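Okay, structure first, notes after.
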Amino acid sequence: MNPSDNPDLIFLDRNEYSYEIAPLIEQTIRSFSPKEFTTYTRCFQQGIKSELSRYLGALYNVPETDVILGYGGEDILKSVIHCFLSLGHQQRKILIPAYSWWYYKSIAEEVDGQTLMYPLYEDGYDFKYDIPEMKRLLREEKPDMLLLASPNNPTGNSLQPAEIKYILSAVDEHTIVIIDEAYTLFNQSDISYIAPLIARYPNTIIIRTFSKFYGLPGLRLGFAFMGKSLQPFLKFSTKYLGYNKLSEKIGIAALQSTEFYLEKAALMRQDKALYQQELNPLDGFKVYNSDANFVLIKYPIALKEKLQKAFADKRIVVKFMNEDGLRTHLRITLGTPDINKQVIEVLKSTHLNS
Ligand SMILES: Cc1ncc(COP(=O)(O)O)c(C=O)c1O
């Protein structure tokens, strides 16, 4: 459905952003001179790929050569998976989380890659990766790639830097590790582990985006930091003549507005707590802990049709999950505090009237 056909629908099924834009981003767009489009971003003489990758390199303490830019995290994910799963003649394997973004499997299949899955399990209100089982699969299946999503979509769980290091220490140096951190920064702001991690484990690439924490999915801008063993990917992914100048400036303005977005993340944390406080006491409901901008909720399946109708009446779109193991779950993006209250009310009143 095209949102422009339904301007009054509230989309909480796409993990988009509902708060204001940082003032610096608005100023940057207004003061941008179209004259800047008359030259390329790349500066050959200085050996600089682009203004944004230079900025990101300095911010994350990673050489600019190892910073990758893309048309959203999706673009970098697709190109790195295509690059490494299509090498050689044999079918190659990627290991991904059992519950995860559908896109991983789909892009692996585009190059005939085989997808294997490692399990997650429930521990109280958390989902967790089954790390011993992941290690067994790494040992026995010897996959060419391993994907860790932190935080994971749709389960909302994430890995601490120490857990990432523990996993990487068990990975064969020939296995390329992708860490999809699209939903990072909502619950922790540490970026200092990235540079030492890719230096110690050069078979690793960490992918981030401006779409979630920085609330700019329509900008289509993602970035990544890659270890030195991914050199074949460098050629594959390089935007030879640089990137889009306006997007780059907006990206830098977003990074400079991190404090602004941390305040929004704090508001989201309050509302995640509200979801748990209001819904966890209800029979058959369970709101999982989430480190992202959405909550995953288990609900009594008998309520499915009533809930679908109640949300449709309110013109709110949420995601009714429909995959093995998660068929009685809803994934709901955090909206503004007012909208979140409306959603909680829909769930509570449907439960009350059942
Ligand atoms: C887990 C995950 N990774 C990456 C992305 C990519 O986002 P983008 O291409 O907007 O950067 C998404 C988008 O929803 C996602 O859910």
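Miscellaneous remarks
- Cβ-Cβ FRET estimate between LYS135 and GLU36, R0 fixed at 30 Å, reported to 0.05: 0.05
- With Cα atoms, 0 to 90° folded angle of helix 131-141 axis to the chain main axis: 50
- Evaluating 6.51 cos²θ - 1.76 cosθ + 1.60 at θ = phi - 60° for every residue in segment 268-273, the Karplus couplings come out as 5, 4, 4, 6, 5, 5 Hz, glycine and proline recorded as x.
- Rounded accessible area of LEU296 (nearest 10 Å², 1.4 Å probe): 0
- Bridges between two residues of segment 23-256, per DSSP, are antiparallel at a rate of about 45%.
- For segment 67-215: relative contact order, % (alpha-carbon pairs under 8 angstrom, 6 or more apart): 22
- Local electrostatic count, VAL318, Cβ distance below 11 Å [Lys/Arg +1, Asp/Glu -1]: +3
- Once the C-beta distance of ASP338 and ASP126 is scaled by a Förster radius of 35 Å, the resulting FRET efficiency is 0.80 to the nearest 0.05.
- Segment LYS142-LEU24, extension gain: residue separation times 0.36 nm, minus the distance between their alpha carbons: 37.8 nm
- Among ASP75, ASP338, ASP130, residue whose mean-square fluctuation peaks in a GNM of the chain (springs only between Cα atoms under 10 Å): ASP338
- With respect to the chain, whose longest principal axis is taken over its alpha-carbon atoms, helix 337-352 is tilted by about 40°.
- Solvent exposure of segment 23-256 amounts to 45 Å² per residue of accessible area, where only protein heavy atoms count and the probe is 1.4 Å.
- Extended-chain gain in nm, criterion 0.36 nm per residue less alpha-carbon gap, GLN91 and ARG327: 81.8 nm
- Against the main long axis of the alpha-carbon atoms of the chain, helix 304-313 sits at an angle near 80°.
- If R0 equals 22 Å, the separation of the Cβ atoms of GLN160 and LEU274 corresponds to a calculated FRET efficiency of about 0.30.
- Paramagnetic reach from SER349 in segment 286-315 [backbone N under 11 Å; point 7 Å along Cα→Cβ]: 310-311, 313-314
- When you work out D = kT/(6 pi eta Rh) for the chain at 20 °C and 1.002 mPa s, using the Kirkwood radius from C-alpha pairs as Rh and the Stokes-Einstein form, the result is 100 µm²/s.
- Protein accessible area in the chain, 1.4 Å probe - carbon and sulfur %: 52
- Loop-resident sites, segment 270-340, for trypsin sites (Lys or Arg not before Pro), counting at most 16 other Cβ within 10 Å (DSSP): LYS314, ARG315, ARG327
- Loop-resident sites, segment 301-354, for GluC sites (Glu not before Pro), counting at most 14 other Cβ within 10 Å (DSSP): GLU323
- For segment 129-272, the alpha-carbon radius of gyration amounts to 1.13 times the rule-of-thumb value 2.2 N^0.38 Å expected for a compact globular protein.
The values are calculated or read from the model by the stated rules, or taken from the named source; none is laboratory data. Computed from a predicted structure; not experimentally measured. Cβ: placed from backbone, ideal geometry, glycine included. Neighbour counts: every protein chain shown. Heavy atoms of the whole protein, side chains included, go into the accessibility calculation; ligands, DNA and RNA do not. Shrake-Rupley method; radii C 1.70, N 1.55, O 1.52, S 1.80 Å.
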